[in-house]
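Let me begin by presenting the structure, written as structure tokens, before commenting on it.
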Amino acid sequence: RLFSFLTPFLQKAGYNVSDREKTRKIILAVYKNISRGEELPEKAAIFYRDTIEISNANARAVLAKSTSRTIEISNANARAVLAKSTSRTVVQTFLAKIKPQESLDLNSFSAIMKEIQNETGIKKQKKQDLWMPVRVALTGYTHGPELPIVIEVLGKEKIQNFVEQVISKFYSD
């Protein structure tokens, strides 16, 4: 019932809902963070975007006005996460680890994050230092759907593309 009720809101926003399983996963990932169906397209936008932009604009205003397929990393908290030196290390190491992977799923993602933790010495207890940079690179936000769902829905190619964009746009010296 939830799927039947919420899918039209995604369709009305212009999102492709032809892959019913992907649409179901997206709805399940975000429905707890909405109180009305009209809010779904904004919360689900991270799954339908193709590019990441780094800006100083207000994230909510950008998303509300945007019909583009771009995620704006404009939230000050998200930008602060990426600005940490440990974040650069995590994001660059994450990219190096996912490139040789044929695909990326929950198991391989967890293993990669464990490898990054062991190789960099960034402790799991410091969630912001280990997990948050990856979350921001993939979604543009410090909060949102669980990362395993994001990983599963986006897939390896889109994840790699987003991480490469963040490195290019945020860490280019």
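We did not get these values from a lab; they are worked out from the coordinates using the rules stated. None of these values were measured; they are calculated from a predicted model. Glycine gets a Cβ as well: all are built from the backbone with ideal geometry, and neighbour counts include every protein chain shown.
Computed quantities for the displayed model
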item: Burial ordering of PHE9, PHE94, fewest other beta-carbon atoms within 10 Å first; result: PHE9, PHE94
item: Subset of LYS22/LYS158; LYS22/LYS99; LYS22/LYS169; LYS43/LYS169 violating a 26 Å alpha-carbon distance limit; result: LYS22/LYS169
item: Neighbour-count order for ILE26, ILE151, fewest beta carbons within 10 angstrom listed first; result: ILE151, ILE26
item: Amide proton proximity set for ILE52, modelled H, under 5 Å, gap of 5+; result: ILE71
item: Ranked ARG24, ARG79, ARG1, criterion: other C-beta atoms within 10 Å, fewest first; result: ARG1, ARG24, ARG79
item: Loop sites in segment 92-135: trypsin sites (Lys or Arg not before Pro), DSSP, at most 15 other Cβ within 10 Å; result: LYS123, LYS124, LYS126
item: Which listed pairs, of LYS12/LYS114; LYS12/LYS97; LYS25/LYS97; LYS12/LYS156, have C-alpha distances above 31 Å, in listed order; result: LYS12/LYS114; LYS12/LYS97
item: Cα gyration tensor, segment 90-173 - rounded (a/c under 1.5), prolate or oblate; result: rounded
